1. State the label only: which of [x] 1.02; [y] 0.94; [z] 1.06 corresponds to Rg/Rh (Cα atoms, Kirkwood Rh) computed from the shown model?
2. Can you work out ³J(HN,Hα) from phi for every residue in region 215-229, in order, using Karplus 6.51 cos²θ - 1.76 cosθ + 1.60 and θ = phi - 60°, giving whole Hz and x for Gly and Pro?
3. Using a Gaussian network model of the chain whose springs link C-alpha atoms within less than 10 Å, name the residue from 211, 127, 38 with the highest mean-square fluctuation.
4. Between residue 250 and residue 47, take the C-beta separation as r, use R0 = 41 Å, and let me know the FRET efficiency to the nearest 0.05.
5. Once both labels are modelled 7 Å past Cα along the beta-carbon direction, what's the residue 158-residue 103 spacing in nm?
6. Take residue 92, project a point 7 Å from its Cα along the Cβ direction, then tell me which residues of region 28-51 have their backbone nitrogen under 11 Å from it.
7. Go ahead and estimate [θ] at 222 nm for the chain from helices alone: -39,500 (n - 2.57) per DSSP H run with n ≥ 4, summed, over the residue count, rounded to 500.
8. Distance between the C-alpha centers of region 154-212 and region 1-28? Whole Å please.
Amino acid sequence: MDVLMHLSDLHFGAHDPAVCAAVQRLAQRLGVSMAVVSGDLTQRATAPQFEQAARFVQGLHARSTLVLAGNHDLPLFAWWMRWGRAYERFAEQFGVDHEPVRQAGPFYVVGVNTTRAWRHERGSLSSAQIDHVADLLGRAPPDAWRIVASHHPLVARDAADRDHRPHRAEEALQRWRAAGAHMMLSGHAHQPALLNPLPGLWASHAGTAVSHRLRHGSPNSLVILTLEPSGTAEGGWARCATRWDYDTTAGEFQRVLRETVG
């Protein structure tokens, strides 16, 4: 079975080593085909924190990885690096392509960079980015599970969550859905959610995977996407999304929610 593991907001430098080890055990147990990390790998974008994050991602032993930068991955205290060198430390560990595209089995994932060097927290999308992602989605294999990953969520779970969305989020949702997108993956808010904003389009928000910076009463969590045999789904296969939360008593991640998403 093909498995995509979606992680976000690792915040190395404010991480819990026991939770990190539990994520790696789960990844190896499930046999992850692709790991998607949607930003905020570090707490303060220091070189040692990026090195820790890179070792953690390598320890997932995923056959393919797609890693995006988050707003915490741009230097805050080393503010002078934001002019021309904002992504330098990120690139040393994860490469210079800030908008990677990966395909593994049924998963076709387009990464889009919603961070901006001149912004501390809020995200943004340009018209050129929206066009480019739509073009990539249109060129995906016909049977692929078309997924767009970003750090900032394009879909708000409630009114209080709207400020987390990047500029032009609504325009992007409409364009990308028309281009064939099935799923949006994001993080940033540290609050897990699975939403269905438009017919045929789902949005999965990951919580913080391994950081002790927990919010809204949500535990450490991650998302698993799978394509599973089904006697009722069209074509005999169902797309499924599951949420896994960290159980402090067991010291392991436990599945707490499963939803068929197409």
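Only the coordinates and a few stated rules stand behind these numbers; no lab work does. Treat the numbers as computed from the prediction; the structure is a model and nothing was measured. We place every Cβ from the backbone using ideal geometry, glycine too, and count neighbours over all the protein chains shown.
1. [y]
2. With the stated coefficients, region 215-229 comes to 9, 6, x, 8, x, 4, 8, 8, 10, 10, 10, 9, 10, 10, x Hz.
3. Of 211, 127, 38, the Gaussian network model singles out 127 as fluctuating most.
4. Once rounded, the FRET efficiency stands at 0.75.
5. Result: 4.1 nm between the two label points.
6. Under cut-off, by backbone N: 46-51.
7. Result for the chain: -6500 deg cm²/dmol, rounded to the nearest 500.
8. Value for the Cα centre distance between the two parts: 21 Å.
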